Each structure stands twice: as C-alpha cells, then as structure tokens.
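Participant: Here it is: the structure, laid out below.
The values are calculated or read from the model by the stated rules, or taken from the named source; none is laboratory data. In this text the structure is predicted, and so the values were computed from the model without any measurement. Counting neighbours? That spans all protein chains shown, and the Cβs are built from the backbone with ideal geometry, glycine included. Accessible surface areas use protein heavy atoms only, side chains included; no ligands, DNA or RNA. Shrake-Rupley method; radii C 1.70, N 1.55, O 1.52, S 1.80 Å.
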Amino acid sequence: MPVKELPKGYNPAEVEDKWYELWLQAGIFTPEFSPDEDSQKPTYSIVIPPPNVTGSLHMGHALNATIQDILSRWKRMGGFRVLWLPGTDHAGIATQNVVERQLAGEGLDRYKLGRKEFIERVWLWKEEYGGRIIHQLKKLGASCDWTRERFTMDEGLSKAVGEVFVSLFDRGLIYRALRLINWCPRCYTALSDLEVEHEEVHGKLTYIRYPLEDKSSYIVVATTRPETMLGDTAVCVHPQDGRYINIVGKNAILPLVNRLIPVITDKTVDPSFGTGSVKVTPSHDFNDEAIAKRQDPPLPFITVIGDDGKMTQEAGRSFAGLDRYECRKKVVEALKERGLIEKIVDHKHSVGHCYRCKTVIEPLATTQWYVNVAEMAANALNVVKDGRIRIIPDGWKNSYYSWMENIRDWCISRQIWWGHRIPVWYCPDCVMENGVLQGEYIYHIFFAKTRGYYEGTYAALKEAGFTHDEILSKSKTIKVGINVVPFILNNSNNVNGVCPKCGSSHIMQDPDVLDTWFSSSLWPFSTLGWPENTKDLKDFYPTGTLVTAFDILFFWVARMIMMGMEFMKEIPFKDVYIHAIVRDAKGDKMSKSKGNVVDPLILIDKYGTDAFRFTLAAFAAQGRDIRFAEDRVEGYRHFVNKLWNATRFIHMNIADFAELDLKTIEEINTEVETIEKTHLNITDRWILDRLAETAEVANNALEDYRFNDAASVIYQFIWHEFCDWYIELSKTSLSCNKKELALWTKRCLLYVLDNTLRLLHPFMPFVTEELWNTLPHKNKFIMETNYPKVLGRDHYAQRKMNYLIDVISGVRNIRGELNISPTKKLCSLIKTLTRECENCLTENKDYIINIAKLEKLDIAADVDKPKGAAVSIKPELEVFVPLAGIFNVKDEADRIEKELNKTEELIKNLDKKLLNEDFLGRAPKAVVDKEKAKYEELIEKQQKLIENLSKMKELQE
RNA sequence: AGGCGCGUAGCUCAGUGGUGGAGCGCUACCUUGACACGGUAGAGGUCAGGGGUUCGAUACCCCUCGCGCCUACCA
C-alpha cells in the first residue's frame, strides 16, 4: 500500500463540492448506475416532499433531506436499487404573492399584465430563482436522482392533474357548491379548512340590545364581531332556555338597520355563554350558516362584507365601503349613541388567519369546487388501520384517525392565476330550463372601467356591444352562477372548442386554479410517469418510505393516500416516518418574523456538511421536537476531525510493511475475515468484536428509523473504542518483534477503518468518501461497497480484554486521583485471582507497560501488597502501585476511603434486597443469582479496601 | 373544551421494571512521535411533585403543578 500523507486537519470546503461533482458525473445517484447487477436487486424508493419553489432551505428541510439521504445511501449499500426522486412544488399562493410583490415594485399588478403575461412572468421568476432550494439540497449532499427532478407544473404532472380531475368530475365526486368558505381578503382567494391557522387573540365581547318589535323589552346578544350585526337575519336561543321562552317566535328590530328579524331556537346555542342568546349572521359565520340552513324555511343570507374585506352596499349607506375593522368601531359608536350597548368585556378567543399572509380570514359565501372525499377517506383510513401503511412513530396514528374520521369535503378551487387551471368550461349562450340565457348568470368585473362599464353580466355586456373576446380579456373577476352548467372539453387544452350542447364557440374556461395540494396529492405516482404506464411506475411504486414532519400529515400525507388508493388502487408508500420539528434553543418554532431562524447553509459553512448532518441525525429521536443547539455541531466537527486523524495515524504507521503493498482494501478484508481468530492478538480480536456489535446495533437502529441511536453507537465506537483503546494499543502491537502478528494488526487497523467509514457513510458522505479514497480499492465510490452487517462476534476476546482494561484503568485511576504526573514512570504489581487472568495479563504485559506508562510490571497470584502502595481492586485482580516517597499517604487513605464508602453504599442496598424474602421468592432466578454474585464480589472488595485502609493508617502514624 | 407530548447533570438531550447515560460546559494534571478540534482522571442528578401497582419504579397506572403542540361551530 502506498504511503499517504494527510494534512493535519480536515477541511470540508476543499472536499465537499469536489465529491458531489464526481458523484453526479458518474451518475451514481440514478438507479441505472450499474444496470447489470441492478436488474437482480430489489428496489427501494423515496419521493421527496417537494419544497415550495419559492423556498430556501431551512432546518426542517435539512433534517428532512438528511434523513432521506441516510436511508437512500444505507439502502443502496444494503443491496437495493434505489430511487430518491426530487422536485419542487409550485406553491400557488406563495409564489403568486412573491411575483405580485415584484410587480408592485415596478408599479404593476397582475391585472395590468393580464393572465397570460402574468403566468409568463411567474415562469420567468421560477427559472431564475426557483432552483435555489435545489442547489441547497445539493450542498447538503442529497443523493437524489436529479435526472428525474420534477415540478408540479411540469407537463406530465399537469396531465396527471387533468386526468384525475376529469375522472372525479365524471363520477360526480368533484362538484360546485355555494357555501361559506374561508376567504383571505388579502390573497383574494378561498382557502381549505387546513390552510387556516387558528390563533388566540384578546378581543372584546360586546353585549348589544336588540329591541323587540312589540317594544315590550329587548333581547341582549353578545358578539365578538359587532360589524356583522348589519347582516343579521335572526336571534337565536336554546329551545329549553326558560329565560327566553316568552319571546321565541317574536320579532326583534335589528338596530341601525331596522330590519325585523325573528327570535328562533337551535340546540347548538349554549345557554351558559354570554346572555344565552346569539345573533345569527348566516353570511359571515360558519355556525350561523348551519343554524340558518336548519331553519324551515332557511334564514336569508345577507352579505355585508365583500371579498375585499370591505363593507358592501347591503351594510347600508353609513357603512358601505368601510374596512371591516373600521366599521366595527363605527357600529359600536352608533349603538352607543342609541344606548344599545349594554357592556363590553375583554374576551379571549381564537380567530382564523391565512396560513400564507396571516390576514384574518373572512367566512364568505361563494361558489367553489369541492371534492367529495367520504369514500376515499374511508379507504385511506383502512390502509393505516390494517397496517398496510405504517406510521412511525405510531403515536401519530391517532391524530390521523381522528382527522380522517371527521374529514369534510375538500375545497379545491383558488381564485388565483398561478396553478393548474380548472379544466372546466361554461357556455353563456346555452338556454337554461327557465328559458334564461346562462350568460345572465355569469358576472364579469373589469379591472378598469371600459366604455362606461365596470361590471355586468355576460349577457348585459354583450348587449352593450362588447365582443366575447373583449369581455374575457378585460375581466378581472368572473363569477359563474351555481346554476350555470359546467362541462369538460374532450381536449381541455382546446381553446377553440365549442359548447357540446349548443355548438356555440363563445365558451369560457373556469377562471379558478386548483389547490396546490391537489397536484401534490398525486406526487408519488405522477412523478413516476402516471397516467402513462411507465417502467418507473412499475419499478418504484409503491414507494418505500415517506419522510415528513407532522404538520403536513393531513395537508399532504392523507391526501396522497386517498389519491393513491383511488387511482393506483395501491398504497403510495409502505412507511410514513414522521420526524421532528426543528425549534430554536428556547423551544420556539423558528420563523422569519421571530428572527430566530438558524440558516443551515451558514452552519454548513462553519462546520462542514458532515458535522451538520450528523448533528441532525443525532438529534432525531422519535416523537420529540428538536431544540437546536449549535454547540452540538461543533462537537461533531471535532468528531470528524478525530476520524480524520485516526486515518492519518493508520497511514503513517503502515508504511514500512512492504508485505501489504499493492493489496486492495477488499483483499485485506477477505484476509481478516477468513483468518483463524487464534492467529490474532487479543486487542485485534477485541476490536473486531466491538465492530461487529456496532454494525449490528447500527443496522437494527436504521431498520427501525432510530437515526439517533445509529449515530450515537457509531460515534461511541469510533471515538471511545477504536481511537481511545484500539489505536493506542496498536502502537504496541506494531512495534512487536513478531512481524507476522504486527502485520495482522496492520490489517485489522485497515479493516476496522474501512468498515467504520462504510458504517458512517450514510451520515457523513463527504469525509468518508474522501478518507475511503485514500485506501487502495476496487470500486470507485464508497457507496458502491456494502454496508457492514453480519460480522462475527467474539465473546472470548471480550472477556480477556476486560482484564487488560481493568489493570490499565486501575493504574490510571491511581495516577489521576493522586495527581501523579502522566510522565512519571511507575512500577506496578498485579495480584491475580484466577489462572486465566494471570495468563492473559502475562501474555499481554507489554500493552499494559506501554499504555499505563510503567517501567516495571510484575504479575503473579502470590503477590503481597508492598508497604506504602496505592491499590485498585477489581473483580479478578488487584493492582498495586508502590508509591513510598512519591505520594502523600493521607491522599491515598482518603482515596481508599472514598472508594470504600461507595462500595459500602452499594452493599447496603444489595443487602436490603437480598434479605427480602419477597425478592428472593418472586424475582426471576437469573436476577437473584446476578445480585448474589454481585454481592459477593462487593464484599470481597470491601474487605480488601478495609485491609488496605488500615495499612495506610499505620503508615500515617 | 378535547386530544397528544414533554419536565432526567449548569446547558442541549438519550434511556431503561433490577446498582442513573452522552455531548458541551466545569475542575485537576499532561504540548506522550494521529489528533490541544487532543489525552487521562474527576466533580455534578431525592430522573418536576404526590399517590398507586410491584419483591423492586426514573421507567407502568392515577392525580397535581409547569411547558409545548394539535384539533373544535368558545357567539
């Protein structure tokens, strides 16, 4: 093996980009990398949770991607043909917001640009900035197959969206309905229930008197939103509420508006809240809407707040045009003037906010598209219940169940432009059953006043001389009445299509686009080529594991399961691994507005990707959030450096062994694995055993998605067994005059190093690749090798090695506690209590002498403790270090006394236990035996300590 | 309101029905020929509090307190 000279420390910056580039060039991330072998392999696939194309990498992404990369690399090394498919999400509302902000900077808005041009602008933006997060994932070392990168607005994925929409539409599972929805007046669109974030706010509860029509009295209602009273159409009490029994059925006079509204009953009213009587505003409150619909006949809906968050004409002259909050003040003032405010009290309640812009949501009656999810949800529930899909950790299953059991139809239309446009058309020229043109129910609002017109029905505008194309091109908003019949064109891209019913060519497409999550719900199969029957689909669907955080369990995971079952008739993934949310060190969620975000790229810059990734893995305990602490990253950077230097040591110490020249690491591995164990020295055998156990534990942990356990067992092995013990001991092995033995130690060093690098590679791809490539090898990249798995255990070596460790740590302990300089050479005598122990120590005397810094070592069964010696008591041996003249007698006496106290404490506890009849009778025999053995050992130790202590005391006198 | 989770060394966190663990920090000694991004030794915890189950509880059950999150039609 040629001599390698490594620099003294590891410099990630010099290494990372180089390897990533080489990996890409070689195509090692694609499942086609080695086609011959690959055809035999089982497949394993992961689809990335597509980050928003507007996004930049945050800690959550970093954790998410690190876990997927660990799985991908581990599975590749485990003999799977792996596809990790990357991509991004078009993030309708978010992206549109970003581009609109950009336009505003130029004094433009989307209406001035027009729909087509606006969308072109978004694509331009996407081409320029949308690749940022992809670039950042590469910095993280993500082994995605970039040749298969997808975007939810790609042609293929759009085709899938269209196919799914049409299929559900044809089966009546997609429908239009007029109901209250969550409306964001700033984003100017409907939102699904999930996209609303509820937040506690400190508000006011206003008690308002509504006079009764007969002037006999008034009824007091309590509200948090006084401005909505303008749209009240009833007052409601609980049917059994005695206080109101006499006025139910009467009318109240709605103040400020002077509308007569009935006092009605509904069981949902809570008599104990407020006055027990509630104002009913069907158009602006979900609860009130439900009450209104339960009445027979239903209560009228009066919309007093518009889609811009301002009061409508219906709100009356004094309030129309006011912002809803402005109006709230004005209404309260007006009521006060009339003496109709009974009181106003502080009130904490939760209010819905837009998840994209945090504006307070307005419930608004609009016509929207919905998916009927009842049946799909039931299927999606079953596949988790019957275990076809596992959720890990399974604590999340209950959340999943309760959501799926209470699921409501999914509002999928959004009043924005960026996204998949709903592939549905309307014909204004068709005549409806009532003899009216559909065009009478299609309402256009222009973005600018044109020839005196600002808005109007399609029919009216046509009448006024506008052409079809003009109407469409000038429309800012198109509201299509619920009674207008939608249809699908055979080819939904065929803009020149005609109405299938009347043949009119004046048809128009639905103006809305689909919820972004609609396209993401198809991700596991649309990215693999569906609706085409592709080879990828056959090879990689269903995928193996979905890795995500719980916050999109419903948004995304549940919907993927629904859609997968519906269109593939098969689960989209076998395991769902839910990882933690990364918080700051105080436990707060990281957010830009709080200014507590930690930028992963800065950490990568500072500590290197490997240290950063390892930190995330080490933190990734199941079922718990991560409080990110930067000093952990620093700690693991030191670990990387430690590994680097271990390799450096090995290179420096194998140079003069010409026998191993020209051998590859693979050949050396074979030699180590096939050699009869008895040819190896005890330290070699011991480290091989430790390695075997480490590999075993690491594999089991990865199998169970316990990334932190895998990381820490590898860490402990490398630092505290391989480096602290084995490498130190190997210095003695290597200087051994039996050349053949030394040669085996050299092989073992290389063997353990190689295995260690492979074990660590999924966690730390860069440094392991760099170091592994300093070894002569057959394959080109470390990821082409196998993940260490079944290596032989060696319990015999374990037991023998413990004798050495006992002696060495005994001497070290004496040295440390008595404050004897590490450079001071000492003498030591070992009294052995068993033959096995004596033989083992004698055989391996040199290790002890070197590592414990001794100048003389005697081992025998009949050693007498020298006068004035420090002592260390171990199970099968006693260590004496004569220190007459060197040490302070009192210090050693104190030391022994401390040890004695500790021992006696343990004996006391055990004593209690062993005197307990119940314990002896009921505890398992193995436990009792173990405790008894321990007890005897401790008693023996205690006696020896007492003996030694008295000798010390004699010396002191 | 309901549900879930958490409370373990100064800090950040693992963990387990049978003598309390890691990293960082701290103390002492050491520039030993892989590494001071290092080595050796050490200090430090009634495992939130109370009750129960058990021969035995930090771990399992119940309650209390504190913190966090999710869900809900809290007018």
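Participant: Straight-line reach only, C-alpha to C-alpha below 16 angstrom: list the lysines that residue A:932 could link to, leaving out same-chain residues fewer than 8 apart.
Facilitator: Within reach: A:908, A:912, A:913, A:941.
Participant: Report relative contact order for chain A in percent, whole number only (criteria: Cα-Cα under 8 Å, sequence separation at least 6). Write down the numbers at each step before the final one.
Facilitator: Numbers: 1607 pairs, mean separation 115.7, N = 957.
Taking the mean separation of contacting Cα pairs over the length of chain A, I get 12 percent.
Participant: Next question, about the same structure. Of the DSSP beta bridges with both residues in chain A, give the percent that are antiparallel, rounding to the nearest 5. List each step's numbers first, then the result.
Facilitator: Working: 73 of 101 bridges.
The answer is about 70 percent antiparallel.
Participant: Helix A:682-703: angle to the longest alpha-carbon principal axis of chain A, degrees 0 to 90, nearest 10?
Facilitator: Result, in degrees: 10.
Participant: log₁₀ I(q)/I(0) of segment A:1-149 at q = 0.09, 0.16 Å⁻¹, via Debye over equal Cα point scatterers, no solvent, to two decimals?
Facilitator: The calculated log intensity ratios at q = 0.09, 0.16 Å⁻¹ are -0.42, -0.94.
Participant: Please give the length that would be gained between residue A:850 and residue A:906 if that part of the chain were fully extended, namely 0.36 nm times their separation in residues minus their C-alpha to C-alpha distance (nm, one decimal).
Facilitator: Between residue A:850 and residue A:906, full extension yields an extra 16.8 nm.
Participant: Tell me the angle of helix A:739-760 to the major Cα principal axis of chain A, expressed in degrees between 0 and 90 and rounded to the nearest ten.
Facilitator: 10 degrees
Participant: Quote the charge dipole size of segment A:740-896 about the Cα centre in Debye, to the nearest 20; the model charges only the Cβ of Lys and Arg (+1) and of Asp and Glu (-1).
Facilitator: It works out to roughly 180 debye.
Participant: I need the calculated FRET efficiency for the pair residue A:120 and residue A:504, taking r as the beta carbon distance and R₀ as 30 Å, to the nearest 0.05.
Facilitator: Values: r = 29 Å, r/R0 = 0.97.
Plugging the Cβ-Cβ distance into 1/(1 + (r/R0)^6) gives 0.55.
Participant: Could I ask something else about it? Two decimals, Cα atoms only, Kirkwood Rh: what is Rg/Rh over segment A:627-793? Provide the component values of the computation, followed by the final result.
Facilitator: On the way: Rg = 15.6 Å, Rh = 16.3 Å.
Rg divided by Rh gives 0.96.
Participant: Label points 7 Å out from Cα along the Cβ direction at residue A:914 and residue A:773: separation in nm?
Facilitator: Spacing of the two 7 Å Cα→Cβ label points: 6.0 nm.
Participant: Let me ask something else. What is the dipole size for segment A:494-550, taken about its Cα centre, with +1 at each Lys and Arg Cβ and -1 at each Asp and Glu Cβ, in debye to the nearest 20?
Facilitator: 160 debye
Participant: Only loop residues by DSSP count here, and only those with at most 15 other Cβ atoms within 10 Å; note down the GluC sites (Glu not before Pro) in segment A:391-448 that meet that.
Facilitator: Filter output for segment A:391-448: A:433.
Participant: Is it possible to state the helix-based mean residue ellipticity at 222 nm for chain A, with each DSSP H run of 4+ residues giving -39500 (n - 2.57), the sum divided by total residues, to the nearest 500 deg cm²/dmol? What is it?
Facilitator: Mean residue ellipticity, 222 nm, calculated: -13000 deg cm²/dmol.
Participant: Enter the mean projected area of the convex hull around the alpha-carbon atoms of segment A:308-425, in nm², rounded to one decimal.
Facilitator: It is 13.1 nm².
Participant: Run through the DSSP bridge list for segment A:186-367 and note the antiparallel percent, rounded to the nearest 5.
Facilitator: 90 percent
Participant: What do you get for the angle between helix A:665-674 and the principal long axis of chain A? Use alpha-carbon atoms, 0 to 90 degrees, nearest ten.
Facilitator: Roughly 60 degrees between the two axes.
Participant: Send over a whole-number figure in Å² for the accessible area per residue of segment A:186-367, probe 1.4 Å.
Facilitator: 47 Å²
Participant: How many percent of all Cα-Cα pairs in chain A sit more than 47 Å apart? Don't skip to the answer; put the middle values down first.
Facilitator: On the way: 214902 of 457446 pairs.
In whole percent, the long-distance tail amounts to 47.
Participant: Just subtract the alpha-carbon distance of residue A:175 and residue A:337 from 0.36 nm times their residue separation and send over the number in nm, one decimal.
Facilitator: Length gained, residue A:175 through residue A:337: 53.6 nm.
Participant: Over its Cα atoms, what ratio of radius of gyration to 2.2 N^0.38 Å does segment A:396-495 give?
Facilitator: Cα Rg divided by the expected 2.2 N^0.38 Å: 1.44.
Participant: Starting from a Cα-only point model with no solvent, please compute log10 I(q)/I(0) by Debye for segment A:186-367 at q = 0.10, 0.13 1/Å.
Facilitator: For the requested q values the scattering log ratios are -0.38, -0.66.
Participant: Within segment A:11-30, what residues put their amide N at less than 14 Å from the label point 7 Å along the Cα-to-Cβ vector of residue A:780?
Facilitator: From segment A:11-30, the list is A:19-30.
Participant: So what's the net charge close to residue A:177: Lys and Arg +1, Asp and Glu -1, counting the other residues with Cβ under 13 Å from its Cβ?
Facilitator: Numbers: positive: A:176, A:179, A:293, A:408; negative: A:289, A:409.
Summing Lys and Arg as +1 and Asp and Glu as -1 gives +2.
Participant: Got a number for carbon plus sulfur as a percent of chain A's accessible area, 1.4 Å probe?
Facilitator: Its accessible area is 49 percent carbon and sulfur atoms.
Participant: Here's another thing I want to ask about it. Take peptides A:187-194, A:240-247, A:938-945 and line them up by average Cβ neighbours within 10 Å, highest first, as a rough protection proxy.
Facilitator: On the way: A:187-194: 20.9, A:240-247: 14.2, A:938-945: 17.0.
Answer by packing, highest mean first, reads A:187-194, A:938-945, A:240-247.
Participant: Here's a follow-up. Would segment A:149-188 count as rounded, prolate or oblate if I go by the C-alpha gyration tensor, calling it rounded below 1.5 in a/c and otherwise prolate when a/b exceeds b/c, oblate otherwise?
Facilitator: Judged from the Cα gyration tensor, segment A:149-188 comes out oblate (a/c at least 1.5, b/c at or above a/b).
Participant: Send over the semi-axes of segment A:117-185's equivalent ellipsoid, whole angstrom and largest first, taken as the square roots of 5 times the C-alpha gyration tensor eigenvalues.
Facilitator: Values: eigenvalues 208, 69, 38 Å².
Ellipsoid half-lengths, sorted descending, are 32, 19, 14 Å.
Participant: Starting with the highest mean, order A:300-306, A:568-574, A:684-690 by the number of other Cβ atoms within 10 Å, averaged over the residues of each peptide.
Facilitator: A:684-690, A:300-306, A:568-574
Participant: In nm, to one decimal, how far is the residue A:406 label point from the residue A:664 one, both placed 7 Å along Cα→Cβ?
Facilitator: 6.1 nm
Participant: Could you work out the relative contact order of segment A:815-932, using alpha carbon pairs under 8 angstrom and six or more residues apart, expressed as a whole percent?
Facilitator: Numbers: 120 pairs, mean separation 28.6, N = 118.
Averaging sequence separation for qualifying contacts and normalising by length gives 24 percent for segment A:815-932.
Participant: Here's a follow-up. Evaluate the relative contact order of segment A:888-957 (contact order divided by residue number), counting alpha-carbon pairs under 8 angstrom at least 6 apart; express in whole percent. Don't skip to the end; give the middle numbers.
Facilitator: Numbers: 35 pairs, mean separation 40.0, N = 70.
Dividing the mean separation by the residue count of segment A:888-957 yields 57 percent.
Participant: Next question, about the same structure. Enter the Cα centre distance for the pair segment A:16-90 and segment A:316-366, rounded to the nearest angstrom.
Facilitator: Segment A:16-90 and segment A:316-366 have Cα centres separated by 51 Å.
Participant: With +1 on the Cβ of every Lys and Arg and -1 on the Cβ of every Asp and Glu, and nothing else charged, how large is the dipole of segment A:186-367 about its Cα centre, in debye rounded to the nearest 20?
Facilitator: Result for segment A:186-367 is approximately 540 debye, rounded to the nearest 20.
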